1. Which of the DSSP-defined H helices in the chain satisfy a minimum axial length of 30 Å, computed from C-alpha atoms, and a minimum mean Kyte-Doolittle hydropathy of -0.5?
2. For the chain, build the convex hull from the C-alpha positions and give me its volume per residue in Å³.
3. Toward the positive end of the charge dipole of the range 160-291, about the Cα centre and with charges on Cβ (Lys, Arg +1; Asp, Glu -1), which of LEU273, ALA205, GLY231 goes farthest?
4. Run the numbers for GLU113 and VAL169: contour at 0.36 nm per residue of separation, minus the present Cα-Cα distance, in nm.
5. Compare the peptides 102-113, 46-57 by average per-residue count of other Cβ atoms within 10 angstrom and give them in order, highest first.
6. If each residue of separation counts as 0.36 nm, what is the full-extension length gain between LEU87 and ALA272 once their alpha-carbon separation is subtracted?
7. Long-range amide H contacts for VAL256: which residues qualify at under 5 Å (H placed 1.01 Å from N, peptide plane, sequence gap of 5 or more or a different chain)?
8. May I ask you to compute the full-extension gain from ARG76 to VAL135, defined as 0.36 nm times their residue separation minus their alpha-carbon distance, rounded to one decimal in nm?
Amino acid sequence: MGAQHGHSHATANTGRGRLAIALGLALVALVVELVGAAVTGSLALLADAGHVLTDAVGLVLALVAATVATRPAGARATFGWRRSEVLAASANAVLLMGIVLFVVIEAVQRLREPSDITPGPLLVAAGIGLVVNAVSLVVLSTGQHQTINVRGARLEVLGDLLGSVAVVVAGIVIALTGWAYADPIASLLIAAMIAPRAWWLLRDALDVLLEAVPRSIDLEDVRSHVRSVEGVIDVHDVHAWSITEGLPVLTAHVVVDDEVLHRADSAQLLDALQQCLADHFDVEHSTFQIEPASHRDHELATHD
């Protein structure tokens, strides 16, 4: 006997326009900074361009998520196409780590042998990037409380803005003092901002792909709450995983007193179990197998 509990995942379209504008601005900043890096030889500008590139990928993912989330499940994709977000996020994390590694290696080399940097074009390119990121941040800030995608994209753009500030400061230092070490130092600061996010993104993606228990769910707490439901004797074979971030799934075998089942209260019991998860845990889909206590001797090997 099983029961499933689900929620609609339709996402409002209100965030798509802001995300599209932010993506367009990010691409403008990317082109300007790549051209500026080629002209000036600035590693800091190139690192910031890499930062903008990965954030542009993140904005694309946010747009895809806003679209895919509205697609209904099908016969072959019963949970829809939500896990495609996780695959793309994994690729994005690997790209981020590759950029960090390149920037760190190149920065160490430039600390040993500083390169000549042209401060004028550097400041122009970094200044344009700073303005573009500031405008993008304003656009996304107006909708940050409406969708989680917009709030996440806003954090991405905020990181770009801080990276642009670091490049501008490095350009000013070089222009005023000629101290070329400011460029690789700024590059290392940008790499330090990217690295933790790359690790968190990869960790969260791998958790979903390996079907690990979501970090928001404590299985022992789940067992405790299920056992507290009237008529429940025990619970076993409890499994929880995520289809994608924010879409957890839980299944469990629930051992119930025979008298409860004889009173034909199983429907009420299922309602109580689902209400228990709804009240205490953010579980989108749950399935319970109800077993009478007398059936325990016939159970195959169970798993905690």
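1. Helices meeting the criterion: 14-40, 43-68, 84-112, 119-141, 148-177, 182-209.
2. Once divided by residue count, the hull of the chain is 146 Å³.
3. Working it through, the farthest residue towards the positive pole turns out to be ALA205.
4. Gain on extension, GLU113 to VAL169, equals 18.1 nm.
5. So the order, starting with the most tightly packed, is 46-57, 102-113.
6. On the way: separation 185, 0.36 × 185 = 66.60 nm, distance 3.58 nm.
Taking 0.36 nm per residue and subtracting the Cα distance, the gain is 63.0 nm.
7. Correct list: ILE233, GLU291, ALA293.
8. Extending this stretch completely gives an extra 17.0 nm.
Throughout, read-outs are computed from the coordinates displayed, never taken from laboratory work. Because the structure is predicted, anything quoted here is derived from the model rather than measured. Positions of Cβ are backbone-derived with ideal geometry, glycine not excepted, and every protein chain shown enters the neighbour counts.
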